[in-house]
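Chemist: Got a structure for you, questions after.
Laboratory data are not the source of any read-out in this text; all were calculated from the coordinates shown. Source: prediction; values computed, not measured. A quick note on method: Cβ atoms are made from the backbone with ideal geometry, for glycine too, and the neighbour counts reach across all protein chains shown.
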Amino acid sequence: MSEDAKMKTTGETLAPVTGHFLKWEATPLTRVAVAADEGTKIGTFVDYPLREGKKLLALTNEQDGKVIVQPHNCIIDLSLVASTAVNAAASTGGNLDGLKKDGDPYGIVYQGTPQA
C-alpha cells in the first residue's frame with residue numbers, strides 16, 4: 001500500500017443518537033412513545049400529553065407518528081439543543097431555569113449549555 005493511500009482518511013459525521021441527549025436514566029422501562037409531527041428529529045421538544053403545557057425532549061426520530069421520550073428520573077444533556085428551542089419549551093420563564101423547574105418534580109435534570 002502506498003503512503004498516499006495510508007494518509008487519506010474520510011471524515012464522516014454521524015447523526016446524534018439517544019446517548020448524546022440521555023446521559024442517565026433510572027430505568028428504560030419508563031420510556032414512552034408519544035405522538036409527534038411527521039419529520040420530528042431527535043433532540044426536538046415535543047408535547048407530553050400527561051403533563052399539559054410541558055414538553056420533553058424526543059430521544060428518537062419520528063417513526064409512524066411517534067417519538068420516544070423519558071418522562072421520569074433522568075439526566076438530559078442540552079449541549080446539542082438550540083437555546084431558542086429550550087426557551088420555547090419552558091412552560092414558565094421562557095428560559096433554561098424555567099425548563100429545569102418543569103423537570104424537577106419528575107426527577108428530570110437538564111445539564112449542559114444549549115447552543116446559541
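Chemist: Pull up all non-local amide H partners of LYS54: gap of 5 or more, or a different chain, and H-to-H distance under 5 Å with H placed in the peptide plane.
Modeler: Residues meeting the criterion, in which the H sits 1.01 Å from N, are TYR48.
Chemist: Within 10 Å, count the other beta carbons around each residue, average over each peptide in 25-37, 46-58, and list them highest first.
Modeler: Ranked by mean Cβ neighbours within 10 Å, highest first: 46-58, 25-37.
Chemist: Give a residue-ordered list of calculated ³J(HN,Hα) values for region 26-38 (Karplus: 6.51 cos²θ - 1.76 cosθ + 1.60, θ = phi - 60°; whole Hz; x for Gly, Pro).
Modeler: Each residue's phi maps through the Karplus curve to give 5, 7, x, 5, 8, 5, 9, 8, 10, 5, 8, 5, 4 Hz.
Chemist: In whole Hz, with x marking every Gly and Pro, tabulate ³J(HN,Hα) for region 88-97 from phi via Karplus 6.51 cos²θ - 1.76 cosθ + 1.60, θ = phi - 60°.
Modeler: So the J values, rounded to whole Hz, are 5, 7, 5, 7, 9, x, x, 8, 4, 4.
Chemist: Could you calculate the contour length gain from LYS41 to ASP104, that is, 0.36 nm times the residue separation minus the distance between their Cα atoms, to one decimal place in nm?
Modeler: Between LYS41 and ASP104, full extension yields 20.2 nm more.
Chemist: Same structure, new question: Please compute P(r) over all alpha-carbon pairs of region 19-86, binned at 10 Å starting from zero, and give each bin as a whole-number percent.
Modeler: Whole-percent P(r) values from 0 Å outward: 22, 56, 21, 0.
Chemist: Expressed as a whole percent, how much of the Cα-Cα distance distribution for the chain exceeds 25 Å?
Modeler: 25 percent
Chemist: Another question, then. Quick one: length gained pulling ARG51 to TRP24 fully straight, 0.36 nm per residue minus the C-alpha distance?
Modeler: Value of the extension gain: 7.6 nm.
Chemist: Determine ³J(HN,Hα), in whole Hz, for all residues of region 41-50 in sequence, where each value follows from phi through the Karplus function 6.51 cos²θ - 1.76 cosθ + 1.60 and θ = phi - 60°; x replaces Gly and Pro.
Modeler: Going residue by residue, I get 9, 4, x, 9, 7, 10, 5, 10, x, 7 Hz, with x marking Gly and Pro.
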